[in-house]
1. Run a plain Debye calculation on region 227-310 (Cα atoms as equal point scatterers, no solvent) and give log10 I(q)/I(0) at q = 0.12, 0.15, 0.17 Å⁻¹, rounded to two decimals, same order as the q list.
2. Which log10 I(q)/I(0) values does region 77-194 give at q = 0.10 Å⁻¹ under the Debye formula, counting every alpha carbon as one identical point scatterer?
3. By DSSP, what percent of the beta bridges with both residues in the chain are antiparallel, rounded to the nearest 5?
4. Give the Cα extents of the chain along the principal axes, in whole Å, largest first.
5. Rounded to the nearest 500 deg cm²/dmol, what is the calculated helix-only ellipticity per residue at 222 nm for the chain, with -39500 (n - 2.57) per DSSP H run of length n ≥ 4?
6. Just to be sure I follow: if Rg is taken over the C-alpha atoms of region 175-262 and Rh is the Kirkwood radius over the same atoms, what is Rg/Rh?
7. Expected output is a single nm value to one decimal: the length gained when fully extending between ASP94 and THR116, i.e. 0.36 nm times separation in residues minus the C-alpha distance. What is it?
8. Out of the trypsin sites (Lys or Arg not before Pro) in region 1-108, which ones are loop residues according to DSSP with at most 11 other C-beta atoms within 10 Å?
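A short reminder: the numbers here are calculations on the coordinates, not readings from a lab. A quick note: this is a predicted structure, and the numbers were derived from the prediction, not measured. In this analysis, Cβ positions are derived from the backbone assuming ideal geometry, glycine residues included, and neighbour counts consider all displayed protein chains.
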Amino acid sequence: MRRCQVAIIGAGPSGLLLGALLHKAGIDAIILERQSRDYVLARIRAGVLEQGTVGLLQQAGVGARLQREGLVHEGFALTYNGQSLRIDIADLTDGKTVTVYGQTEVTRDLMTHRDTIGATAIYEAKEVSLEGFDGGSPRVFYSKDGLRHEIACDFIAGCDGFHGVSRASVPDEALSIFERVYPFGWLGVLADVPPCSHELIYAGHERGFALCSMRSLTRSRYYIQCSLDDRVENWSDQAFWDELRRRLDPEAAEAIVTGPSIEKSIAPLRSFVAEPLRFGRMFLVGDAAHIVPPTGAKGLNLAASDVHYLSEALIEFYGERSSAGIDDYSRRALARIWKAERFSWSLTGLLHQFDLMTPFERRMQEAEFVYLQGSRNARASLAENYVGLPF
Ligand code: FAS
Ligand code: PHB
């Protein structure tokens with residue numbers, strides 16, 4: 001049987017970032033990941049980092065490549081039925097910005113860092129199970145190379161995403177679930193073509209939402225809203241490019257450079273929060289605790305603030321033998337989670353087409369866009385949420 005202070009379930013951004021911050025504080029953690037490294041790295045997900053997330057990665061010692069290769073953005077465009085409005089986030093938030101740097105690269109930097117510091121991450125750890133976290137002696141079990149292994153620890157960090165084992169190990173009666181499943185998904189395409197604009201474009205259109213994003217100046221990431229029963233195989237590259245162009249303003253549509261997709265996938269959209277986030281000596285972190293529709297670019301960034309709160313709490317516990325931080329983790333994390341859930345839900349409602357929209361609801365979308373066009377205060381509210389509310 002192995003022993004460590006903190007057992008971290010999941011080697012996504014949450015687990016790897018928590019592991020890096022705990023290591024820096026001299027706290028011994030073991031990360032257990034169900035998949036292989038390559039599998040984790042092949043998942044194409046988030047693309048926009050808030051300043052707080054960038055700062056945390058730098059604090060963890062993994063900010064160098066991000067600093068070199070990340071694209072700092074001072075604004076983005078909102079378009080609605082072909083009209084374009086630039087949201088000047090730097091001007092509206094006294095200089096705050098966001099950084100475009102793919103989650104794949106964040107994860108790669110964190111994995112490389114963990115190897116460099118010689119800290120333990122066990123990949124392809126199957127059949128992970130958690131025991132004793134409601135008492136004082138948590139245990140984690142997993143299978144690898146045909147053997148069953150056991151880890152004794154002080155705490156378990158459930159960083160294992162929406163479909164993980166951590167939240168599933170909590171008795172239903174101990175959890176309150178809040179959820180909205182949206183009646184559509186996002187069809188995403190990654191292509192080695194230059195972006196159609198130097199900034200992101202969030203497009204609301206009667207045919208459906210579209211998003212023009214990027215990973216670098218030579219690699220673009222595009223999304224279009226699609227129906228829940230749609231399939232990737234229904235969409236040739238050409239069909240995707242044609243539909244994307246239909247949903248953009250004329251200038252952006254004209255600027256689209258097409259090319260073969262190197263990744264094409266459909267993601268469902270949901271808003272989800274589990275309360276509370278602490279169960280004795282086990283904590284839920286990141287997507288294990290909450291999901292947001294990616295419209296507001298909050299998913300990865302919310303995981304980062306959870307990690308910030310939990311790492312601070314555990315460092316305080318081991319450093320000062322105080323449980324104040326771990327006792328307050330759930331309350332503190334949920335306070336920021338719910339504000340990001342509101343923003344993501346609101347922006348999703350503004351920019352997407354809902355099948356059963358009444359003419360009144362369509363007018364409400366239009367009125368919201370016209371209000372944003374005419375009110376600096378309205379744009380400032382959107383901007384302060386987009387750059388990320390304070391930790
Ligand atoms: P993750 O899901 O990233 O990581 C959890 C890890 O735990 C995984 O590696 C998994 O293999 C592992 N795991 C699961 N069960 C386990 C078990 N039983 N034992 C051991 N390991 C286990 N956010 C944005 O901001 N913008 C986006 O565009 C965006 N697009 C997304 C698209 C998709 C399809 C999904 C699913 C999410 C998207 N997100 C996006 C949100 C996403 O970026 C998450 O917020 C981010 O991955 C959260 O990181 P983690 O909490 O580490 O969870
Ligand atoms: C992305 O680049 O994948 C991305 C960017 C912003 C979002 C969602 C996804 O809001």
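1. Ignoring solvent entirely, the Cα scatterers give -0.58, -0.77, -0.86.
2. Once normalised to I(0) and log-transformed, intensities are -0.63.
3. Details: 54 of 75 bridges.
The antiparallel fraction comes to roughly 70 percent.
4. Over the chain, Cα extents along the principal axes are 63, 41, 40 Å.
5. On the way: 13 runs with 150 residues, N = 391.
Computed ellipticity for the chain at 222 nm equals -12000 deg cm²/dmol.
6. Details: Rg = 14.0 Å, Rh = 13.7 Å.
Answer for region 175-262: 1.02.
7. Details: separation 22, 0.36 × 22 = 7.92 nm, distance 3.74 nm.
That works out to 4.2 nm of additional length.
8. Working: sites: ARG2, ARG3, LYS24, ARG34, ARG37, ARG43, ARG45, ARG65, ARG68, ARG86, LYS96, ARG108; in loops: ARG34, ARG43, ARG45, LYS96.
When the trypsin sites (Lys or Arg not before Pro) of region 1-108 are filtered for loop state and at most 11 Cβ neighbours within 10 Å, nothing remains.
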